[in-house]
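**Student:** The structure that follows is given in the form of structure tokens.
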Amino acid sequence: MRDLVAGMRYLGAGQRWVARHGRWWGFGLIPALIALALYAGVLIVLALWAGDLAAWATPFADGWGAPWQGLLRGLFVALLFAGGLTLSVLTFTAVTLLIGDPFYESLSQKVEESEGHCPPGPDQPLWRELWNGLRDSVHVLLRAAGFGLLLFVLGFLPFLGQTVIPAIGFCVSGFFLAVELTSVAMQRRAVPVRERLRMLRGRKALAVGFGTPLVLLFLVPFVAVVLMPGAVAGATLLVRDLVPDEQPPSGADGDEVAGAGPVAGSGAAPASWPASQGQPHQPLPARPAPPGPSGPGSSAARPPAGW
């Protein structure tokens, strides 16, 4: 429950950051607006042809009488459109991040600089960064599609398919949405996509708490466009505490910089880890801080200073 609340706090912190930096909020809207126009056209086409697709997919019901034929095909249309909306939520972030890679890279870097320290990113040409982003997004989306197909089939179960399964679906979508949004800051730290998935699987509640509210909000028209810059900012703040920096921004090891959140101690693994190494990148373990006036220790993924 603590991680679930922490994920929601990171989401709120990102929205507050862009609210204080209006120019960067407007800058981050550009790729989201482009992606919105593309997805609006696709969903309109799906809505127009959903009835024909339902009739094509259920030829065995052609001879059924009323109301069974209408109920079956109506359920098929509802599930098809719900699946399209869920897929849109998942792929919207990936497509928007791909379109806006230079935009969100600059936005994420600015967030890190404002918090006191920005790790140097890998020295790669733009085409290589776009290719890596596309490859990682396809990897994540294939995993998400597998879960989506399973949940689509389970949606036909009586009662459970209309109650429990949609709730699970939102949580699964929220997890993969968090994976996509953290990719910008993770790529700067050279963390491979498989390692990102492993790290966030180890903190499922944190990822679900961050991503699931966004999934629900993204279902409201145009909200995804407005919240996307803040979502990238919040994901950057989350990664700053989830993945340790190689060197602390301050002169003394283990100290915190005002407004920058916790930094790694001497036992933390380096954040910038080449993918060519065989040893996997390890997330920052929970480490008790020296006892002081505010009490002992805290979680490795506590919210940034100033909350």
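**Student:** What part of the accessible area of the range 11-129, given as a whole %, is carbon or sulfur when the probe is 1.4 angstrom?
**Tutor:** Solvent-exposed carbon and sulfur of the range 11-129 make up 71 percent of the total.
**Student:** Given the C-alpha centroids of the range 46-124 and the range 153-230, what is the distance between them in whole angstrom?
**Tutor:** 12
**Student:** By how many nm would the segment from ARG198 to VAL226 grow when fully extended, if each residue of separation counts as 0.36 nm and the alpha-carbon distance is taken off?
**Tutor:** Here the answer is 7.1 nm.
**Student:** Which value, in Å², gives the accessible area per residue of the range 48-105 when a 1.4 Å probe is used on the protein heavy atoms?
**Tutor:** That works out to 54 Å² for each residue.
**Student:** Rounded, prolate or oblate: which one fits the range 1-133, using the alpha carbon gyration tensor with axes a ≥ b ≥ c (rounded when a/c is under 1.5, else prolate when a/b beats b/c, else oblate)?
**Tutor:** prolate
**Student:** Along the charge dipole of the range 40-117, pointing to its positive end and built from +1/-1 on Cβ of Lys, Arg, Asp and Glu, which listed residue (ALA50, GLN109, ALA82) has its Cα farthest out?
**Tutor:** Selected residue: ALA50.
**Student:** So, one more: Lys/Arg Cβ at +1, Asp/Glu Cβ at -1, dipole of the range 58-207 taken about the Cα centre: which of LEU206, ILE168, PRO158 is farthest positive-ward?
**Tutor:** It is PRO158, whose Cα lies furthest towards the positive end.
**Student:** Mind ranking 56-66, 208-218, 7-17 by how tightly packed they are, going by the mean number of other C-beta atoms within 10 angstrom, highest first?
**Tutor:** 208-218, 7-17, 56-66
**Student:** Something else now. Just how large is the dipole of the range 67-206 about the Cα centre, in debye to the nearest 20, putting +1 at every Lys and Arg Cβ and -1 at every Asp and Glu Cβ?
**Tutor:** 540
**Student:** Tell me the label-point distance for the pair SER106, LEU219, using the 7 Å Cα-to-Cβ offset, in nm and rounded to one decimal.
**Tutor:** If labels sit at SER106 and LEU219, their model points lie 3.5 nm apart.
**Student:** Sticking with this one: Mind ranking 150-157, 27-34 by how tightly packed they are, going by the mean number of other C-beta atoms within 10 angstrom, highest first?
**Tutor:** 27-34, 150-157
**Student:** To continue, here is another question. As an exercise, use a Förster radius of 41 Å and the Cβ-Cβ distance of ALA55 and ALA205 to find the FRET efficiency, rounded to the nearest 0.05.
**Tutor:** 0.45
**Student:** Can you tell me how much longer the chain between ALA167 and ARG135 gets when fully stretched, taken as 0.36 nm per residue apart minus their C-alpha distance, in nm with one decimal?
**Tutor:** 8.6 nm
The values are calculated or read from the model by the stated rules, or taken from the named source; none is laboratory data. None of the values given here were measured: they were computed from a predicted structure. Cβ atoms come from the backbone with ideal geometry, glycine included; neighbour counts cover every protein chain shown. Keep in mind that these areas ignore ligands, DNA and RNA; they rest on the heavy atoms of the full protein, side chains included. Shrake-Rupley method; radii C 1.70, N 1.55, O 1.52, S 1.80 Å.
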